[in-house]
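K.L.:
Would you mind keeping the following structure in view while I ask a few things?
The values are calculated or read from the model by the stated rules, or taken from the named source; none is laboratory data. Predicted, not measured: the structure shown is a model, and the values here were computed from it. Every residue, glycine as well, gets a Cβ built from its backbone with ideal geometry; the counts of neighbours run over all protein chains shown. Heads up: the accessible areas ignore ligands, DNA and RNA and are worked out on the full protein's heavy atoms, side chains in. Shrake-Rupley method; radii C 1.70, N 1.55, O 1.52, S 1.80 Å.
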Amino acid sequence: AGFQLGLLATAKLSNRFELRFNPQLLFTERNLFYKLKHVDPFEETDSVTKRVESVITTFPLQIKFFSDRIGNFRVYMLGGVKADIDLASNARAKRAEELVKIQKYDYGFEAGIGFNFYFPTFILSPEIKISNGLKNIHSRDEDLKYSNVLDRITSRMIVFCIHLEG
C-alpha cells in the first residue's frame, strides 16, 4: 500500500501519441512474509512478517497512445521506462537487525491503461498500470537473520492513479 504525489509534463507527438514525463514522490510499505522452519520458542509462531518502509522518487518516461474521442470520453494506453531512487534506504541502517536492507537505485518498465473524462474546466484521468523493476534491490547482509535467506528482491507494483489536468 502507498500514496503518491506527482507532476505531469506532456509533449504532443501526433494526434494519437504523446510523450509523458511524470516525476512522483511515492510513500510505500513492502511486507515480506517468512514461513519459519523452526519455531522460535519465545514467539510461539511459525510465521513472521517484516515491514520495509520506503520513500521513493520515481522518474517515468512514457509514450501514451489515444483512441478517438467519443463525446467527453477517451481511452488511452501507455508504456515506458522508469528510474527510482529510494530516499529512505540509508535511514534503515540504524535498525538493520530488524529489517532487510534495500538498495537505493532501481529501474524498470511500466504499462497501463487509462480513461480521459472531459469536464468544462478540467480533465479527470484515472489509470491503472503495472510497474516492474528489473534490478535486484536486495542488499544482502549475511549477519542479518531475515536478509541472508533471500536471493533476490525486485519491485512489482500495481498502481492506480488519478490525474487532474486543468
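K.L.:
How much of the accessible area of the chain, probe 1.4 Å, is carbon plus sulfur, in whole percent?
P.N.:
On the chain, the fraction of accessible area on carbon and sulfur atoms equals 60 percent.
K.L.:
Now a separate question. Could you check which residue among 36, 150, 25 shows the biggest mean-square fluctuation in a GNM of the chain with a 10 Å Cα cutoff?
P.N.:
36
K.L.:
If amide H atoms are built 1.01 Å from N in the plane of the peptide, which residues on other chains or at least 5 residues away come under 5 Å of the amide H of residue 102?
P.N.:
Long-range HN contacts for residue 102: 139.
K.L.:
Which loop-located GluC sites (Glu not before Pro) does the range 14-84 contain, where loop means any DSSP state but H, G, I, E or B and the Cβ has at most 10 other Cβ atoms within 10 Å?
P.N.:
Passing both the DSSP loop test and the Cβ count: 43, 44.
K.L.:
Accessible area per residue of the range 1-142 at 1.4 Å probe, in Å²?
P.N.:
I get 61 Å² per residue for the range 1-142.
K.L.:
Work out the charge dipole of the chain with +1 on the Cβ of Lys and Arg and -1 on the Cβ of Asp and Glu about the Cα centre, then indicate which of 70, 126, 83 is farthest towards its positive end.
P.N.:
The listed residue farthest towards the positive side: 70.
K.L.:
Order the peptides 54-60, 64-70, 109-115 from the highest to the lowest mean number of other Cβ atoms within 10 Å of their residues.
P.N.:
Descending packing order for the listed peptides: 54-60, 109-115, 64-70.
K.L.:
Now for a separate question. Work out the FRET efficiency for residue 33 and residue 138 from their Cβ-Cβ distance, taking R0 = 25 Å, and round it to the nearest 0.05.
P.N.:
Step by step, r from the Cβ atoms, then E = 0.95.
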